[in-house]
Amino acid sequence: MKRYTSTGLVFGNFWGGGKGGFKAEPLRANTKEELLIQAQKGIEDGSLDSGMGYESLIGAVLNITETETIVKDGKDYRHEESEIEFVGKLNEEEQEMLTEALYSY
């Protein structure tokens, strides 16, 4: 069985001017495609923001982890792989800044 989870950072427009990043809501899905659809919807409706309260979201960097679990002889074995994905409309500079922040977070 495979499961996909993500953690990350959103980037958006602050009320009254300026831009910045904040922690993204964690996501879970059965496929990577479902997870990316959830993330894109969260950018569009603002729900991917975990509490900053942006005027609007521009995009996000997500660390997506694929966890595959198999059962052999009654024991669970897990294998995980992670990758970075961007959602929304981030320019190259914003992508680099968010990636650096994600790794130092």
Specify the residue with the greatest mean-square fluctuation among V61, V87, V71, computed from a Gaussian network of the chain linking alpha-carbon atoms under 10 Å apart.
V71
Other residues with Cβ under 15 Å from the Cβ of Y4 give, with Lys and Arg +1 and Asp and Glu -1, a net charge of -4
Likely footprinting exposure, I58, I37, I70, I43, fewest C-beta neighbours within 10 Å first
I70, I37, I58, I43
About its Cα centre, what dipole magnitude does the chain give when the only charges are +1 on Lys and Arg Cβ and -1 on Asp and Glu Cβ, stated in debye to the nearest 20?
380
Sum up the charges of everything whose Cβ sits under 12 Å from the Cβ of F86, counting Lys and Arg as +1 and Asp and Glu as -1, but leave F86 out.
-4
Hey, which lysines would be in cross-link range of K2, C-alpha to C-alpha under 19 Å, not counting anything within fewer than 8 residues on its own chain?
K32, K72, K75
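Every number in this text was worked out from the coordinates using simple rules, so none of it is lab data. Everything quoted here is computed from the prediction, not taken from an experiment. Note that each Cβ is placed from the backbone with ideal geometry, even for glycine, and that neighbours are counted across all protein chains shown.
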